[in-house]
Amino acid sequence: MRTISAAIICLMLAGAAAASAAAVPAQRPFRNFSVAVYIPVTSTRALANPRTLRRQFERIWSQVHFNKVYLEVYRDQVFANPATLNRIAAFFRRRGIAVDGGITLFAGRNKYNQYNSFDFENPHDVAMCERAVRMAARHFNTIILDDFTFFNTRSNADIKAKGKLSWTRYRLRKMRWVAKHLIIGAARRINPHVKVIIKYPNWYEHFQGLGFDLDREAKMFSGIYTGDETRDPVHTAQMLQQYESYLIYRYYHNIRPHGDEGGWVDTFGDRYVDRYAEQLWDTLFAKAPEITLFSWPQLAVPQPVAPGNRYAWAHDRTSFDWNAMARSFKAPPGSEAAPGWAQVAGYALGQVDQFLGKLGKPIGIASYKPFQSSGEDFLQNYLGNIGIPINLVPHFPAHAPMVLLTQEADADPSLVKEIKARLRAGGDVIITSGLLHALEREHRGIRSVAEITYTGLPIAVRHYLGSIAGGSTAGLNVPAERARRVIFPQIRFYTNDSWPVIQGEAAAHGVPVLLMTGYSRGELYVLNVPSNMGDFYRLPEPVLNTLRGYLMARFPVRIDAPAHVALFAYNNDTFIVESYLPRPVTVRIFVQHGAHELVDLRSGGAVLPAPIVTPSPLPSEQGQRSFVVRLAPHSYRAFSVR
């Protein structure tokens with residue numbers, strides 16, 4: 001029996017080798033990254049018709065070139081026809097396009113239209129999972145798993161198997177077993193050389209509760225992939241902020257530095273077409289080596305894409321130029337294709353490919369998120385959206401000059417010891433009010449660093465002050481502009497022991513927004529997080545500028561700008577500023593090390609230093625030159641420092 005199975009495997013691998021031999025040399029349409037298109041199983045079945053395959057391919061290819069497809073064999077209790085897979089794959093390979101397999105281990109939706117994972121205590125579901133994996137491994141040497149390799153059922157069998165464990169511990173343990181035996185093991189029994197990649201989605205703060213494990217499980221697979229889709233930040237269920245399309249790839253890259261294969265963006269949930277382009281750009285600004293476009297049916301439709309709700313900036317010269325995108329489309333002779341989502345992708349990708357290779361390695365303020373942790377969920381993305389670049393890491397950054405710690409860092413039992421060591425070494429540490437509260441509640445010893453107390457009593461703030469020399473204060477509100485109310489939890493500290501360098505005021509009572517105190521050779525900052533972290537966007541621009549001035553005192557570049565303007569920085573004196581605002585905005589850029597000018601990486605034009613308006617007490621502005629640039633709505637500019 002084993003001899004027969006071995007013979008079958010040899011014949012399959014020989015067939016795969018023959019298919020590879022028939023392929024022409026692989027294409028690479030873009031210089032700085034690869035582009036893949038994911039083909040869901042319903043399209044896999046439809047593409048078995050050669051006319052459909054040729055027609056849909058021509059529509060997409062006329063708008064965006066790609067060098068790989070993922071051909072899905074299972075999703076939502078639907079299997080591909082195995083007899084047609086080799087023929088479809090051969091079509092792409094003859095055109096220099098690589099073909100890998102795809103699986104979505106998704107059982108379907110319940111009566112409320114909510115996602116159901118497989119129940120991995122149900123023998124029927126286990127058998128279906130193994131069948132899908134075996135089919136993919138028979139036809140492909142690389143397989144990617146879409147988002148749904150998690151566990152969310154609570155059947156009687158699950159309840160019994162869980163026993164006294166928490167749902168989180170039970171699901172983490174179960175999904176490690178599933179990864180090892182039902183997925184990787186089953187695939188390698190069919191194809192010993194198969195490479196299995198797991199794509200992790202965008203809701204990373206909650207992974208552990210459903211069995212996704214970025215620690216042990218992520219290392220079991222041949223590689224990981226990043227779900228960068230953030231869609232609309234307000235009008236979608238998860239409300240993921242735009243900056244996450246950048247930050248999440250950097251986080252997963254820091255987990256598997258040589259194993260994060262790329263980023264993944266879809267066309268869903270966007271109220272205006274620029275939002276799709278922004279997701280693609282921000283993924284590539286994070287230096288993803290490959291970007292996957294999900295999915296084939298959305299790219300292949302003959303109908304033109306709609307601009308969406310972009311009326312406020314329709315006549316501005318934005319980074320995504322709607323008219324230029326439409327004009328650049330050339331329909332193939334006899335084709336009914338129109339500029340669709342594929343054309344948007346092709347235009348956006350081609351634009352950043354022109355300068356992406358000039359950017360160095362991404363850098364940011366190190367923020368520590370231990371594995372299986374949560375608390376102040378997704379806060380780093382809100383900070384990224386107010387112009388504070390973040391480098392999210394899974395281990396304490398013991399050598400970083402500035403460390404940002406949110407409530408999720410409380411999962412590290414050695415955290416206070418690590419904070420003290422970083423301060424003694426001359427580093428600066430920022431802890432959030434949420435982390436201060438957690439450390440105090442658990443009696444973790446944070447008061448041995450500084451006697452600062454979280455009381456939690458709410459105070460509604462509209463007026464802001466900043467400390468200057470001699471203990472006096474200066475107003476941080478915008479003149480003649482009524483600031484919107486923001487609720488902060490109160491924090492108690494000893495006067496002249498800690499310093500509220502930014503404070504809010506209401507009815508003659510103050511609350512620190514940013515508190516600082518010395519410890520050994522370093523500075524400890526406490527960042528007071530509003531009760532609604534989205535209220536960071538409501539803070540007046542002078543408050544944001546002052547906040548960045550302190551927290552980025554050691555960073556090579558900084559911006560003065562309103563909320564919803566992001567900064568992406570690199571280790572070779574290059575950087576990008578990007579606005580997510582629906583209106584034009586002026587940004588002042590501060591650069592260290594005696595910069596003489598900024599060079600626009602797209603146009604080649606130079607930006608000369610701006611005059612100093614007023615001397616600033618901020619430590620980050622000492623010895624710096626500033627440059628003033630204008631950003632169109634929903635646009636970016638990339639610069640090198642000269």
* Asked: Any residue in the stretch 73-90 that is in contact with a Leu (Cβ under 6 Å, 6 or more places away or on another chain) and in the same structural domain as Phe212 (by TED's automatic domain parsing)?
  -> yes
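Could you tell me which residue of the stretch 98-121 is nearest to Gln27 (Cα to Cα), considering only residues that are in contact (Cβ under 8 Å) with a residue 40 or more places away in the chain and more than 27 Å from the chain's Cα centre (by Cα)? Walk me through how you get there before you give the answer.
Applying the first criterion (in contact (Cβ under 8 Å) with a residue 40 or more places away in the chain) to the stretch 98-121 yields 98-106, 117, 120-121.
Imposing the further condition that a residue be more than 27 Å from the chain's Cα centre (by Cα) reduces the set to 120-121.
Details: Phe120: 40, Glu121: 44 Å.
Selected residue: Phe120.
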* Could you tell me whether any residue of the stretch 122-131 is more than 28 Å from Arg93 (Cβ to Cβ) and in a loop (DSSP other than H, G, I, E, B)? => yes
* Asked: Quick check, is Asp147 crowded, with 17+ Cβ neighbours inside 10 Å and either at pLDDT below 95 or not assigned by TED's automatic domain parsing to the domain that holds Tyr204 (or both)?
  -> yes
* Asked: Has the stretch 75-84 got at least one residue that is touching a helix residue (DSSP H, G or I) at 6+ places or on another chain (Cβ under 6 Å), farther than 17 Å from Pro25 by Cβ, in contact (Cβ under 8 Å) with a residue 60 or more places away in the chain and hydrophobic (A, V, I, L, M, F, W, C)?
  -> no
* So Lys199 clears everything in (1) closer than 30 Å to Ala26 by Cα; (2) in contact with a strand residue (DSSP E or B) (Cβ under 7 Å, 6 or more places away or on another chain); (3) assigned to a helix (DSSP H, G or I) except one condition, right? Which one? -> (3)
* Structure fact -> Taking first residues from the stretch 259-274 that are farther than 16 Å from Leu145 by Cβ and assigned by TED's automatic domain parsing to the domain that holds Leu293 and second residues anywhere that are small (Gly, Ala, Ser) and in a strand (DSSP E or B), the pairs with Cβ under 7 Å that are 6 or more apart or on different chains are Asp270/Gly308; Arg271/Gly308; Tyr272/Gly308; Val273/Gly308
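Would you say His399 is assigned by TED's automatic domain parsing to the domain that holds Glu541 and either closer than 14 Å to Leu524 by Cβ or out of contact with any Lys or Arg (no Cβ under 9 Å at 6 or more places or on another chain) (or both)?
Details: assigned by TED's automatic domain parsing to the domain that holds Glu541: yes; either closer than 14 Å to Leu524 by Cβ or out of contact with any Lys or Arg (no Cβ under 9 Å at 6 or more places or on another chain) (or both): no.
The answer is no for His399.
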* Got a sec? Which of Asn110, Asn141 is touching a helix residue (DSSP H, G or I) at 6+ places or on another chain (Cβ under 7 Å), surrounded by fewer than 17 Cβ atoms within 10 Å (Cβ to Cβ) and either among the polar types (S, T, N, Q) or assigned by TED's automatic domain parsing to the domain that holds Glu72 (or both)? -> Asn141
* Asked: Of (1) among the polar types (S, T, N, Q); (2) surrounded by fewer than 23 Cβ atoms within 10 Å (Cβ to Cβ); (3) within 23 Å of Arg554 (Cα to Cα), Ser335 satisfies all except one. Which?
  -> (3)
* Structure fact -> Arg484 fails exactly one of (1) under 13 Å from Ser433 (Cβ atoms); (2) modelled with pLDDT under 95, namely (1)
* Structure fact -> Of Arg554, Arg548, Arg588, the only residue that is at pLDDT below 95, closer than 24 Å to Ser626 by Cα and not assigned by TED's automatic domain parsing to the domain that holds Phe285 is Arg554
* To do: Would you list the helices (runs of 4 or more DSSP H) that sit entirely within the stretch 318-388 and hold 1 or more residues that are assigned by TED's automatic domain parsing to the domain that holds Asp213?
  => 322-327, 341-353
* Structure fact -> Among (1) within 30 Å of Leu601 (Cβ to Cβ); (2) touching a strand residue (DSSP E or B) at 6+ places or on another chain (Cβ under 9 Å), Gly510 falls short only on (1)
* Structure fact -> Note on Met239: of the conditions (1) over 22 Å from Ile365 (Cα atoms); (2) part of a loop (DSSP other than H, G, I, E, B); (3) touching a helix residue (DSSP H, G or I) at 6+ places or on another chain (Cβ under 6 Å); (4) hydrophobic (A, V, I, L, M, F, W, C), unmet is (3)
* Within the stretch 566-598, can you find the residues that are surrounded by fewer than 16 Cβ atoms within 10 Å (Cβ to Cβ) and among the β-branched types (Val, Ile, Thr)? -> Thr586
* Asked: How about the stretch 493-598: which strands (runs of 3 or more DSSP E) wholly inside it have at least 1 residues that are of a type in the set (Phe, Trp, Tyr)?
  -> 499-506, 509-519, 522-527, 565-570, 574-579, 585-591
* To do: Identify the single condition in (1) modelled with pLDDT under 95; (2) over 30 Å from the mean Cα position of the chain (by Cα) that Arg45 does not satisfy, given that it satisfies every other one.
  => (1)
* Structure fact -> Residue hits (the stretch 274-317; under 17 Å from Val64 (Cβ atoms), part of a helix (DSSP H, G or I) and more than 25 Å from the chain's Cα centre (by Cα)) are Ala300
* Structure fact -> The condition of being touching a Leu at 6+ places or on another chain (Cβ under 8 Å), part of a loop (DSSP other than H, G, I, E, B) and over 18 Å from Phe106 (Cβ atoms) holds, among Arg231, Arg250, only for Arg231
* Structure fact -> All-but-one check, Thr168 against (1) touching a residue at least 60 places away in the same chain (Cβ under 8 Å); (2) farther than 23 Å from Pro389 by Cα; (3) in contact with a Ser or Thr (Cβ under 7 Å, 6 or more places away or on another chain); (4) not small (Gly, Ala, Ser), failing number (3)
* To do: Kindly indicate whether Glu442 is over 23 Å from the mean Cα position of the chain (by Cα), surrounded by fewer than 16 Cβ atoms within 10 Å (Cβ to Cβ), in the same structural domain as Leu567 (by TED's automatic domain parsing) and more than 30 Å from Pro542 (Cβ to Cβ).
  => yes
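How many residues does the stretch 412-443 contain that are part of a helix (DSSP H, G or I) and in contact with a Gly (Cβ under 8 Å, 6 or more places away or on another chain)?
If we filter the stretch 412-443 for residues that are part of a helix (DSSP H, G or I), which is where we start, we get 415-424, 433-441.
Right, trim to in contact with a Gly (Cβ under 8 Å, 6 or more places away or on another chain) and you get 416, 422-424, 434-435, 437-439.
Going through the stretch 412-443 one residue at a time, the tally reaches 9.
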* Structure fact -> Only one of Gln380, Gln354 is at pLDDT 95 or above, polar (S, T, N, Q), within 30 Å of Ala638 (Cβ to Cβ) and surrounded by 16 or more Cβ atoms within 10 Å (Cβ to Cβ), namely Gln380
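Among the residues in the stretch 48-59, are any surrounded by 15 or more Cβ atoms within 10 Å (Cβ to Cβ), touching a strand residue (DSSP E or B) at 6+ places or on another chain (Cβ under 6 Å) and small (Gly, Ala, Ser)? Lay out the reasoning, then the answer.
Taking the stretch 48-59 first, the residues surrounded by 15 or more Cβ atoms within 10 Å (Cβ to Cβ) are 48, 53, 55-59.
From what is left, the residues that are touching a strand residue (DSSP E or B) at 6+ places or on another chain (Cβ under 6 Å) are none.
The answer is no; no qualifying residue exists.
The values are calculated or read from the model by the stated rules, or taken from the named source; none is laboratory data. Quick caveat: nothing in here was measured; it's all calculated off a predicted structure. Positions of Cβ are backbone-derived with ideal geometry, glycine not excepted, and every protein chain shown enters the neighbour counts.
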